[in-house]
Amino acid sequence: MLSSVVFVSEMDLQAFNQIVLPVQGRLFRLAKLFLRNREEAEDTLQEVLLRLWTKRQQLDSYHSVEALAVQMTRNLCLDKLKSQANRTTNGTTDLTTVQADDVSPYRQTELADSSALLRRIIGDLPDPQKLILHLRDVEEYSFEEIEQVTGLTVNNIRVILSRARQRVRDSYLKTNDYEAGY
């Protein structure tokens with residue numbers, strides 16, 4: 001009888017691995033987007049995975065386990081940000097790192113500066129815009145998948161995404177125009 005219990009646990013682990021672990025990278029990147037700190041993002045990811053593991057028996061009742069996992073990650077990140085409102089951000093970069101031999105050091109510096117500026121601009125977006133921009137443009141979710149994650153209508157998602165992109169574009173151009181004036 002004990003062997004059947006172990007078999008069921010192994011089946012649970014196998015099903016969990018097939019359902020949840022493929023989205024682990026997306027969850028980490030989302031947590032890092034919100035928290036701007038690798039260690040806190042890893043902790044958040046572990047907490048989400050633990051919560052999903054404890055709910056593994058009910059995962060079949062959800063329409064999209066990935067949407068549930070993204071929502072859990074987002075909520076945990078927002079909770080952490082609220083509890084640590086005055087915490088300083090970590091400035092490590094991993095959005096775009098250019099290490100090609102054929103790119104000049106000047107161009108590498110220029111690209112790194114642009115990347116840092118874009119990260120700062122995106123980081124300053126309101127949370128709904130930041131989330132939708134990340135899900136659509138970084139994680140390449142469809143509008144329907146974003147609808148499942150956020151509970152917003154597709155039209156509302158399109159409007160928020162458009163406003164986020166416009167805000168990023170305007171801020172980027174304004175900063176570059178200002179810097180070019182020197």
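No lab work stands behind these numbers, since they all come straight from the coordinates. Since this is a predicted model, take the numbers as computed values, not measurements. Using ideal geometry, Cβ is built from the backbone for each residue, glycine included, and neighbour counts are taken over all protein chains shown.
Overview of results
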{"item": "5 angstrom amide H check on L152, placed H, neighbours 5+ away", "result": "none"}
{"item": "Highest-first arrangement of 157-166, 49-58, where packing means the average Cβ count within 10 Å", "result": "157-166, 49-58"}
{"item": "Cα-Cα over 21 Å, subset of K32/K55; K32/K80; K130/K174; K80/K174; K32/K82", "result": "K32/K55; K80/K174"}
